[in-house]
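Written below as structure tokens is the structure these notes are about.
The values are calculated or read from the model by the stated rules, or taken from the named source; none is laboratory data. Keep in mind that this is a model prediction, so the values were computed, not measured. Counting neighbours? That spans all protein chains shown, and the Cβs are built from the backbone with ideal geometry, glycine included.
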Amino acid sequence: MKKLLLFILLAVCIQTTKAQIPSSCMVPFALQTHYDADVKHLALKRIYYQNSPYKDSITVPQNYQDTIWQGLAAIFNLTSVIQRDSVFDKYCIHQDVSYFVNHQIYVGVDLAYSWTQQWQNLNTTTGITSLDNLLSTYGFTVTGFSTFGGNYATLTTTQNINVAPLCDSIQTFGGVLYSEPNSLVGDGNKITYNKVGNDRFYDFTVGYGDCPAGCTGQHTFKFKVYDNCSVDYLGTFDVFDPMGIPSPINCNITTDMEKEEPANFKIYPNPAEDLITVEAIKLVDGVYTVFNIFGQVLQTAEFTKEIKISLKDISTGVYFIRLENHSNNEFVNYRIIKK
């Protein structure tokens, strides 16, 4: 009843720009670093909503992520818009509760199996090659074991993956009684994404007021991203709570943009006139892609150690190179200048 009364008192406050603001869909390294889990959550949410076969993939498919990344980048790159600063630098809005991306799972085991005693002793390696390889691939280690209410191990990873099919795979091994994500409950800050035709809509919500039981107050920033990477700020939507919106966190991730360097790559010369060299410090199984500021692909090819990219056929200006490493599903974006 309490929440019903509060929602009746909601107020809508729309302050629209009424204009498409030009932007870039290239993903800065700072955004990639801080929002990987959020993008994969949104991609998985869309995959499950569409009942896509990809819901059985432990690794989140890149094609589902790319469109979300590009629109998010278009908003992030609007450094002249104050509401963009509120979203990324002041309130630092992330998806607080995800039912798709979890970093911890519980696995119930039968201690009559000799390998399960390894987990009881907090040793991740079981001696079962296929199980050990599965856990190693996705970065899981045994971080706890409990005998309260049954015998179960807590496995933890830092990777952002689709844990549901991974749990299904673990459950096929003899000695495993169940395997399930340690899903958080409640509410909090959130990001929602919707695509209508070529237009993408992003809502960034600050939740407050008894969020463990369901936030009674919300402040939402709404953006629309067009196919050409221009952006409309659509205004705010408020559900008021007497406690009031909390103070900003002020994480200021934009300052990370000044320190961006692709750790595993050297790119030179930059600026360049006709030719630019991309060199991998470590051998990779990779692909490079050259984009213009609107996110249009100009060149793409595979590389492993070093490649020379011709800039002769493109105009003077700012461009971006996306460097993908297939061996670990990571990528970075680097700005280059054609003189």
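Report, by residue number, each residue of region 47-79 that is under 17 Å from the mean Cα position of the chain (by Cα) and closer than 17 Å to ASN102 by Cβ. Matches in region 47-79: ILE47, TYR48, LYS55, SER57, ILE58, THR59, VAL60. Among the residues of region 181-192, those that are in contact with a helix residue (DSSP H, G or I) (Cβ under 6 Å, 6 or more places away or on another chain) and assigned to a strand (DSSP E or B) comprise PRO181, ILE191. Going by the structure shown, is TYR178 surrounded by fewer than 21 Cβ atoms within 10 Å (Cβ to Cβ) and assigned to a strand (DSSP E or B)? Considered against the rule, which asks whether it is surrounded by fewer than 21 Cβ atoms within 10 Å (Cβ to Cβ) and assigned to a strand (DSSP E or B), TYR178 comes out as yes.
LYS195 fulfils the conditions (1) in a loop (DSSP other than H, G, I, E, B); (2) surrounded by fewer than 19 Cβ atoms within 10 Å (Cβ to Cβ) except for a single criterion, (1). May I ask you to say which residue of ILE253, ILE267 is surrounded by 16 or more Cβ atoms within 10 Å (Cβ to Cβ), among the aliphatic types (A, V, I, L, M), touching a residue at least 60 places away in the same chain (Cβ under 8 Å) and closer than 30 Å to GLU306 by Cβ? That would be ILE267, the only listed residue that is surrounded by 16 or more Cβ atoms within 10 Å (Cβ to Cβ), among the aliphatic types (A, V, I, L, M), touching a residue at least 60 places away in the same chain (Cβ under 8 Å) and closer than 30 Å to GLU306 by Cβ.
Among the residues of region 56-68, the ones that are modelled with pLDDT under 95 and either of a type in the set (D, E, K, R) or part of a helix (DSSP H, G or I) (or both) come to 6 in all. Of the numbered criteria (1) closer than 17 Å to ALA74 by Cα; (2) in a strand (DSSP E or B), the one THR254 fails is (2). Taken over region 133-165, the criterion of being under 18 Å from TRP115 (Cβ atoms) and buried (at least 16 other Cβ atoms within 10 Å of the Cβ) is satisfied by LEU134, LEU135, PHE140, VAL142, PHE145, ASN151, TYR152, ALA153, THR154, LEU155. Taking the numbered list (1) in a loop (DSSP other than H, G, I, E, B); (2) modelled with pLDDT of 95 or more; (3) under 24 Å from the mean Cα position of the chain (by Cα) in turn, LEU134 passes all entries but (1).
If the condition is being part of a strand (DSSP E or B) and crowded, with 16+ Cβ neighbours inside 10 Å, then region 198-214 contributes ARG200, PHE201, TYR202, ASP203, PHE204, THR205, VAL206, GLY207, TYR208.
Applying the criterion of being part of a loop (DSSP other than H, G, I, E, B) and among the hydroxyl-bearing types (Ser, Thr, Tyr) to the residues of region 215-251, the residue that is modelled with the highest pLDDT is TYR226. Selection over region 110-131 of residues that are in a helix (DSSP H, G or I), farther than 16 Å from CYS167 by Cβ and of a type in the set (Phe, Trp, Tyr) gives a count of 0.
Just wondering, is there one or more residues in region 189-201 that are in the same structural domain as PRO248 (by TED's automatic domain parsing) and aliphatic (A, V, I, L, M)? Yes, there is a match, as at least one residue in region 189-201 is in the same structural domain as PRO248 (by TED's automatic domain parsing) and aliphatic (A, V, I, L, M).
Of everything listed in (1) within 20 Å of the chain's Cα centre (by Cα); (2) touching a residue at least 60 places away in the same chain (Cβ under 8 Å); (3) over 26 Å from TYR334 (Cα atoms); (4) not in a loop (DSSP other than H, G, I, E, B), the single unmet condition for CYS167 is (1).
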